[in-house]
Amino acid sequence: MNIAIIGLGLIGGSIAKTLKKYMPQHTILGYDTNEQTMYKARLLDAIDGDLNDERLSICDMVIVATWPKATVDFVTSHASLIRKGALVMDVCGVKAAVCEPLWQIAQENGFLFVGGHPMAGMEYSGFDHATASLFQNASMILTPPRGTDIQTLESLKHFWRELGFARVVITTPENHDKVIAYTSQLAHVTSSAYIRSPFAMEHHGFSAGSFRDMTRVARLDENMWTELFQLNKEPLLAELNQLIDHLCQYRDALAADETETLRALLREGKERKEIADHKGDAP
């Protein structure tokens, strides 16, 4: 199979490296706007060749690993060059803003578009940090168009599991965006707000695991995350409002010296964490 990867950053580069390591029977054609990245990808044999418009037409699978708006623009502008019957996927952190326009484009041009979101990453970006182990035991979320046949979905699940993913979850773009607003986007906002305390500059010698855990994802790409937040505005606002309400409960209990209320809030948080962990461990 000929596989095109557009965008060789952390995710796209890791997909290329993982494919070359675990599925070497496929031919990987890559493209990135950064020529230095292209040079490194060729040098490290992460790709078999450069992707261009002519080669795009021979690809059986096209994975667009760019930001949401750039993904929509690329697929839209290259739709007529994509082979009829090909599978096109994205790996963006929001789904409705990508899937809704591209399902229509795919239908008009005779290929299949399936939204994808690998739940894997790190606080660093770029091809230099891409690795063939990034996806080990991670979850892959797929948002196919309604009516996608079962055989295609089974083939996709098998493909991503071959790359190391432990679980492949199939859902709708709307549900993805609501859940991801809580599990990912809210965490990034909270981390960014937390590190803005003046004491962040004085933490050395006073911090341990909790500080590292809370601040790890504050080291983000502000341009990409601004785009992701704005494209998922309503679900993220709902989660932010709920978090603010919860924080106010703790603040008010502490300010009023309501010991039992504060204790009950902390107990509830601990119990919900235990329940969430138990559900996560369930098969």
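The values are calculated or read from the model by the stated rules, or taken from the named source; none is laboratory data. Please read these numbers as outputs of a predicted model, since none were measured by experiment. Heads up, the Cβs are rebuilt from the backbone with ideal geometry, glycines too, and the neighbour counts pull from every protein chain shown. Side chains included, ligands, DNA and RNA excluded: accessible areas come from the protein's heavy atoms. Shrake-Rupley method; radii C 1.70, N 1.55, O 1.52, S 1.80 Å.
If we keep just the residues of region 65-103 that are open to solvent by 60 Å² or more (accessible area, probe 1.4 Å) and acidic (Asp, Glu), which is farthest from GLU174 (Cα to Cα)? Per the criteria, the residue is ASP73. The listed residues are LYS157, LYS178, and the only one of them that is touching a helix residue (DSSP H, G or I) at 6+ places or on another chain (Cβ under 8 Å) and part of a helix (DSSP H, G or I) turns out to be LYS178. The residues of region 238-282 that are under 21 Å from TYR194 (Cα atoms) and basic (Lys, Arg), listed by number, are ARG251, LYS270, LYS273. Taking the criterion of being without any contact (Cβ under 8 Å) to a residue 12 or more places away in the chain and among the polar types (S, T, N, Q), the residues of region 52-106 that qualify are SER77, GLN104.
Only one residue in LEU240, LEU220 is of a type in the set (A, V, I, L, M, F, W, C) and at pLDDT 95 or above. Which one?
LEU240
For LEU237, state whether it is assigned to a helix (DSSP H, G or I), open to solvent by less than 100 Å² (accessible area, probe 1.4 Å), in contact (Cβ under 8 Å) with a residue 60 or more places away in the chain and under 12 Å from VAL189 (Cβ atoms). The answer is no for LEU237.
Residue count for region 77-134 under the criterion of being of a type in the set (Lys, Arg) and either under 19 Å from the mean Cα position of the chain (by Cα) or closer than 21 Å to THR18 by Cα (or both): the result is 1. Selection of region 152-183 for residues being out of contact with any strand residue (DSSP E or B) (no Cβ under 8 Å at 6 or more places or on another chain), surrounded by 17 or more Cβ atoms within 10 Å (Cβ to Cβ) and of a type outside the set (A, V, I, L, M, F, W, C) yields GLY164, ASP177, LYS178. Scanning region 133-151 for residues that are open to solvent by less than 20 Å² (accessible area, probe 1.4 Å) and farther than 17 Å from ALA106 by Cβ gives PHE135, ALA138, MET140.
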